[in-house]
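The values are calculated or read from the model by the stated rules, or taken from the named source; none is laboratory data. It should be emphasised that the depicted structure is a prediction, and the values quoted were computed from it without experimental measurement. Here the Cβ positions follow ideal geometry from the backbone for every residue, glycine too, while neighbour counts run over all protein chains shown.
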Amino acid sequence: MMPELCQVTDSLLLSGSRAACSEALLTQAGVTFCVNVSRQQPCPNQPGVRTLRVPVFDDPSENLYEHFEPCADAIEAAVRDGGRCLVYCKNGRSRSAAICTAYLMRHRRMTLKEAFQIVKNARPVAEPNPGFWSQLQRYEEALQTKSHPEQSSRKSLLPDRHHSE
């Protein structure tokens, strides 16, 4: 089977590491930023492609939660710069799928169910392990609380409060 880059959104792609290390595929897809969600998989060594490594194993006890926000924000920054981002792990199933789902929840204002459906449609083998799934559920609750401390409804006309960090 040929390695492939699965398109989650216009600017977000998901794959396993074999596809991620194919210079031809990255060039063809116009990838400018890679999120490598693994401790051991290689990073593409390609001019014009920046890489962020998230050093976690595909183990339910790993803390992927702490990486949801920094990864989502890094992906969004790359997208706003007109780039295309590839998120990958060894098999493109659990870790990378969880990061893509978290990104959609945070920056596309989706529920966990909506976000994961889009990821799953793009890459049918996507299946975050049970530990990552419960961390995504916790993240969904945190995002709801953060954007609407006074109500549980997700739809609001008020912009998010911007605070300097």
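Below, the figures for the structure above:
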{"item": "Evaluation of Ala77 against (1) surrounded by fewer than 24 Cβ atoms within 10 Å (Cβ to Cβ); (2) out of contact with any Cys (no Cβ under 9 Å at 6 or more places or on another chain); (3) within 21 Å of Leu25 (Cα to Cα) (one fails), failing number", "result": "(3)"}
{"item": "Breaking point among (1) in contact (Cβ under 8 Å) with a residue 24 or more places away in the chain; (2) in contact with a Leu (Cβ under 8 Å, 6 or more places away or on another chain); (3) more than 17 Å from Asn36 (Cα to Cα), for Phe116", "result": "(1)"}
{"item": "Count of the range 85-103 residues which are surrounded by 22 or more Cβ atoms within 10 Å (Cβ to Cβ) and of a type in the set (D, E, K, R)", "result": "1"}
{"item": "Filter result for the condition that a residue is at pLDDT below 95 and either under 20 Å from Tyr65 (Cα atoms) or assigned to a loop (DSSP other than H, G, I, E, B) (or both), over Leu104, Leu157", "result": "Leu157"}
{"item": "Residue check for Gly16: loosely packed, with under 15 Cβ neighbours inside 10 Å, in contact (Cβ under 8 Å) with a residue 40 or more places away in the chain and touching a Lys or Arg at 6+ places or on another chain (Cβ under 8 Å)", "result": "no"}
{"item": "The range 76-92 residues that are within 20 Å of Leu64 (Cβ to Cβ), paired with ones that are among the aromatic types (Phe, Trp, Tyr) and not in a loop (DSSP other than H, G, I, E, B) (beta carbon under 8 Å, 6 or more apart)", "result": "Glu76/Tyr103; Ala78/Phe33; Cys85/Phe33; Leu86/Phe33; Val87/Tyr103"}
{"item": "Filter result (among the polar types (S, T, N, Q), in contact (Cβ under 8 Å) with a residue 12 or more places away in the chain and under 23 Å from Asp81 (Cβ atoms)) within the range 28-61", "result": "Thr32, Asn36, Gln46, Thr51"}
{"item": "Restricting the range 53-73 to residues that are surrounded by fewer than 19 Cβ atoms within 10 Å (Cβ to Cβ) and of a type outside the set (Asp, Glu), the residue that is nearest to Asp10 (Cα to Cα)", "result": "Pro70"}
{"item": "Those residues of the range 119-131 which are surrounded by fewer than 17 Cβ atoms within 10 Å (Cβ to Cβ) and either within 17 Å of Phe68 (Cβ to Cβ) or without any contact (Cβ under 8 Å) to a residue 24 or more places away in the chain (or both), in sequence order", "result": "Lys120, Asn121, Pro124, Pro130"}
